[in-house]
Amino acid sequence: MIFDCHAHVGYSKFADRLITAELVLEIMDKSGIDKALLLPTASTGKYYNGEQMLAEANKAPDRLIPFAGVNPKDKNALNDFEEAVTEYGARGLKIHPVYAACAADDEHYVYPLVAMAEALGVPVMFHSGDAPYATPWQIGLVAMDFPGVTIIMEHMGFDAMVFTSAAIKMARKCPNIILGTTGVMYEFPITAAVNSIGADRIIYGGELPMNNPIHEILKVRCAQISKTAQEKILGKNLARLLSIQD
Ligand SMILES: [Zn+2]
């Protein structure tokens with residue numbers, strides 16, 4: 001079972017088009033992906049709200065799981081997030097510190113959202129791998145200040161060796177950090193992460209539909225790790241995290 005932690009709906013500046021669940025599903029089918037987390041696009045600063053995300057996910061409710069996404073600096077961010085979870089079934093929150101120009105560890109804008117996630121019992125996913133807003137150390141600070149919240153450090157530091165090493169180091173220090181593999185440089189950080197923290201806190205993602213997920217799946221398949229570890233990373237861990245039948 002492949003459960004992707006990173007698919008988008010909404011208007012994308014990168015793709016220069018409106019992305020629908022239909023397009024995501026088409027790529028999932030081509031790539032052998034069973035389920036995916038749906039995240040609102042953040043590149044324009046406008047986010048789909050909870051109702052819009054649920055409407056997209058409901059096009060294939062057994063395969064698409066909606067997350068909420070908000071700009072932490074938006075004055076309605078807390079209300080929008082709470083409503084997305086309580087009224088529209090969002091299973092977590094995605095924060096993109098870069099597009100919001102807001103440090104991941106900002107105590108004024110970000111911490112109230114993480115506290116809300118704790119109260120609602122859902123995880124928070126952060127884009128990581130970009131200075132000065134989304135470094136692994138900043139996300140590590142959030143994880144340390146909120147040990148009761150599951151923090152998904154998506155991209156696990158992305159494409160810089162210093163950041164991928166730091167992502168693994170922070171995950172080793174913080175048992176509430178989950179590393180997402182989307183767009184990580186090469187497969188060797190995945191091998192290193194399994195050697196450092198084990199295979200239970202790493203989840204695969206493909207950045208659909210901007211990215212062909214096949215090469216992201218191959219990074220996990222090519223990592224020097226056991227078949228069991230690969231299956232956990234490709235789907236079982238995320239299913240367990242969200243209590244979804246795999
Ligand atoms: Zn993305």
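The values are calculated or read from the model by the stated rules, or taken from the named source; none is laboratory data. Here the structure is a predicted model, which means the values were calculated and not measured. So basically every Cβ, Gly included, is an ideal-geometry build from the backbone, and we count neighbours across all protein chains shown. Keep in mind that these areas ignore ligands, DNA and RNA; they rest on the heavy atoms of the full protein, side chains included. Shrake-Rupley method; radii C 1.70, N 1.55, O 1.52, S 1.80 Å.
If you filter segment 16-55 down to residues that are touching a Ser or Thr at 6+ places or on another chain (Cβ under 7 Å) and not small (Gly, Ala, Ser), you find that the one that is farthest from the ligand (Cβ to nearest atom) is 19. So which residues in segment 10-62 are farther than 16 Å from residue 88 by Cα, assigned to a loop (DSSP other than H, G, I, E, B) and charged (D, E, K, R)? 13, 16, 34, 46, listed by residue number. Checking segment 146-155 against the condition returns a match, with at least one residue being away from the ligand (no atom under 16 Å from the Cβ), open to solvent by less than 30 Å² (accessible area, probe 1.4 Å) and of a type in the set (Phe, Trp, Tyr).
Counting residues in segment 183-200 that are on the phi < 0 side of the Ramachandran plot, open to solvent by 10 Å² or more (accessible area, probe 1.4 Å) and of a type in the set (Ser, Thr, Tyr) gives one or more. Filtered by the rule that a residue be part of a helix (DSSP H, G or I) and of a type in the set (A, V, I, L, M), segment 188-202 gives 190, 192, 193, 194, 197. Considering only residues that are within 16 Å of residue 63 (Cα to Cα), away from the ligand (no atom under 16 Å from the Cβ), out of contact with any Leu (no Cβ under 9 Å at 6 or more places or on another chain) and not in a helix (DSSP H, G or I), which ones fall in segment 203-246? Of everything in segment 203-246, those that are within 16 Å of residue 63 (Cα to Cα), away from the ligand (no atom under 16 Å from the Cβ), out of contact with any Leu (no Cβ under 9 Å at 6 or more places or on another chain) and not in a helix (DSSP H, G or I) turn out to be 243, 245. Taken together, 120, 25, 54, 64 contain a single residue that is within 26 Å of residue 236 (Cα to Cα), open to solvent by less than 10 Å² (accessible area, probe 1.4 Å) and hydrophobic (A, V, I, L, M, F, W, C), which is 64. Screening residue 174 against (1) open to solvent by less than 20 Å² (accessible area, probe 1.4 Å); (2) in contact with a helix residue (DSSP H, G or I) (Cβ under 8 Å, 6 or more places away or on another chain); (3) under 23 Å from residue 1 (Cβ atoms) leaves a single unmet condition, (3). If I filter segment 85-95 for residues that are in contact with a Gly (Cβ under 6 Å, 6 or more places away or on another chain), within 30 Å of residue 214 (Cβ to Cβ) and surrounded by 20 or more Cβ atoms within 10 Å (Cβ to Cβ), do I get at least one hit? Yes, segment 85-95 contains at least one residue that is in contact with a Gly (Cβ under 6 Å, 6 or more places away or on another chain), within 30 Å of residue 214 (Cβ to Cβ) and surrounded by 20 or more Cβ atoms within 10 Å (Cβ to Cβ). Within segment 208-220, residues that are in contact (Cβ under 8 Å) with a residue 40 or more places away in the chain have Cβ atoms under 6 Å from residues that are hydrophobic (A, V, I, L, M, F, W, C) and within 10 Å of the ligand (Cβ to nearest atom) in these pairs: 208/7; 210/14, counting only partners at least 6 apart in sequence or on another chain.
Quick one: in segment 127-171, which of the residues that are outside any helix (DSSP H, G or I) and more than 17 Å from the chain's Cα centre (by Cα) is farthest from residue 107 (Cα to Cα)? Filtering first and then ranking leaves 160. Filtering segment 222-246 to residues that are surrounded by fewer than 18 Cβ atoms within 10 Å (Cβ to Cβ), touching a helix residue (DSSP H, G or I) at 6+ places or on another chain (Cβ under 6 Å) and modelled with pLDDT of 95 or more leaves only 224.
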